[in-house]
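In what follows, a structure is listed as structure tokens, so that the remarks can point back to it.
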Amino acid sequence: MKFTVNRLLMYQAVKTVLKAVRPSREIPEIGGILIEADALRGVLTLTGTDVRTYIQRRLRQEHIEESGSIILTPVLADMLRLLAGEDVVFESGAGNTVLLSSDKCRYSVPFLKDEKFPKMLIPFPEDTIQIKGINSLIRRTVFAADSDNTDYSKAALSYVKLSFHGGMTTAQATDGRCMAITASPHCADGNLELILHEKALTILDGIVKPDEELYVGVVGKFAVFMKEDMFFSTMLFTGDYLEAGKVLENFHQAYAATVDAKQLYELVSTLSAIFGADDDKCVDLRIEADRVCVQVKTALSASSSHIPAAAVTPTPAEGFHYQARLLINCLRHLAGPVQIRIDQRGFVLMEANGSRYFISPRGPVRIAKKEDKQEKKTQKVPKAKTTAAKAA
């Protein structure tokens with residue numbers, strides 16, 4: 001294999017496909033980038049995958065002298081960044097090594113053969129819709145999915161549902177304690193529903209810009225997102241999915257208030273700053289006649305404050321208790337007036353800017369009490385000192 005490619009174009013392509021690369025003991029090959037050079041078509045193809053998600057970038061009109069395919073480790077990105085020349089030459093040598101040459105610098109690195117690389121054999125979708133600007137939807141929703149779930153029976157909690165319908169695009173996700181439902185108009189020109197893993201959507205958000213147009217379709221068990229030089233595919237979830245929207249149908253408001261989202265976010269964040277690593281990070285929230293009050297407690301201190309509120313229906317004096325992280329994660333994605341609605345049991349629904357966040361209550365804060373440890377007194381037995389008798 002031998003080809004010459006623009007260094008910066010290659011560097012950008014490598015950085016893009018690396019977002020899907022994950023080390024694997026079972027399949028070492030997917031810990032690298034598959035590089036395929038096709039001299040007949042004049043196309044250089046780079047592919048990265050974690051088996052569930054694929055990213056493929058194609059570079060055209062590059063000078064390919066000899067076809068071939070190899071797998072290089074992620075260190076390739078650093079090499080391309082450090083090289084100084086405008087172009088870089090790749091040439092496979094003896095002993096499963098490849099030479100990278102640019103200007104006066106050369107690298108010699110080992111490569112893996114591509115026989116065990118799970119190549120992407122997904123055809124172009126027959127039916128597609130055009131979408132644009134879903135980045136905001138992804139960011140406002142994906143955090144509510146369970147990113148650390150390892151329980152197969154709860155796999156749906158790690159997925160986000162995207163619905164393109166009637167000119168409106170909605171996204172929803174839940175980890176069982178927090179639900180997010182977001183909406184945006186004019187994102188798509190057709191109808192389609194996709195349930196995708198939160199990590200795949202986070203990757204997609206990182207490789208496309210808000211103003212870029214993508215064509216989206218479904219092929220078998222895969223969703224496919226395409227633009228001129230990029231091909232992104234990820235596996236669909238096909239099991240039973242917990243619809244956050246259907247859960248909210250059973251929500252019945254008992255208490256309410258309207259506050260400024262930024263003020264409430266800063267209030268909860270500032271008060272939560274007193275939490276230590278071992279503290280129970282609980283936030284107490286209550287609605288009074290003209291304000292929303294927040295309080296936090298630890299074994300060493302307590303802190304409370306309030307912000308003004310309108311359209312108030314007060315809660316009981318004791319209020320309700322919530323996980324600090326859940327409140328902060330939701331509030332950071334809201335802006336302007338936010339309507340807070342709470343039911344009799346303490347489930348809270350916050351709505352603003354086309355976003356709805358639903359958080360379950362928890363029990364009161366648990367203050368850890370340190371047991372007084374009595375120091376054990378140990379008696380030190382003095383060592384006997386002996387003197388040697390001197391002979392007279």
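The values are calculated or read from the model by the stated rules, or taken from the named source; none is laboratory data. Owing to the predicted nature of the structure, the values given are computational and were not obtained by experimental measurement. Here the Cβ positions follow ideal geometry from the backbone for every residue, glycine too, while neighbour counts run over all protein chains shown. Ligands, DNA and RNA are excluded from the accessible area calculation, which covers all protein heavy atoms including side chains. Shrake-Rupley method; radii C 1.70, N 1.55, O 1.52, S 1.80 Å.
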Cleavage-rule hits, GluC sites (Glu not before Pro), the stretch 152-234, DSSP coil, Cβ neighbours within 10 Å at most 11: Glu228
Simple label model, 7 Å out from Cα along Cβ direction - Asp148 to Phe251, nm: 2.5
Dipole magnitude (debye, nearest 20) for the stretch 79-235, charges at Cβ of Lys, Arg, Asp, Glu: 420
Solvent accessible area, Å² - Arg325, 1.4 Å probe, full protein context: 110
Cα→Cβ-extended label distance, 7 Å offset, between Asp278 and Glu65, nm: 6.6
Mean accessible surface per residue for the chain, computed with a 1.4 Å probe while every protein chain stays in place, in Å²: 55
Heavy-atom accessible area order for Ser102, Ser69, largest first, 1.4 Å probe: Ser69, Ser102
GNM top mover of Ala317, Ala256, Ala156 - the chain, alpha-carbon springs below 10 Å: Ala317
GNM top mover of Val89, Val292, Val216 - the chain, alpha-carbon springs below 10 Å: Val89
Percentage relative contact order, the chain, counting C-alpha pairs under 8 Å, at least six apart: 12
Nitroxide proxy distance, nm - points 7 Å out along Cα→Cβ at Met120 and Arg25: 2.9
Global form of the stretch 86-245, assessed from the alpha-carbon gyration tensor, a/c cut-off 1.5: prolate
Where GluC sites (Glu not before Pro) fall in DSSP loop in the stretch 1-74, at most 11 other Cβ within 10 Å: Glu26
Most to least accessible of Met350, Met120 (protein chains only, probe 1.4 Å): Met120, Met350
Net charge of Cβ neighbours under 10 Å - reference Glu36; Lys, Arg +1; Asp, Glu -1: 0
Exposure of Cys105 as accessible area (Å², to 10), given a probe of 1.4 Å and all protein chains: 50
Non-local Lys pairs in the stretch 167-316, i.e. 8 or more apart or on different chains, that have alpha carbons under 22 Å apart: 6
Relative packing of peptides 333-340, 80-87 - highest average C-beta neighbours within 10 Å first: 333-340, 80-87
Net +/- balance of residues flanking Phe320 in space, Cβ distance below 11 Å, scoring K and R +1, D and E -1: 0
Surface share of carbon and sulfur [accessible, 1.4 angstrom probe, percent] for the chain: 50
Entry for Kirkwood radius over Cα pairs in Å (calculated from the structure that is shown) out of (i) 21.0; (ii) 25.0; (iii) 22.2: (ii)
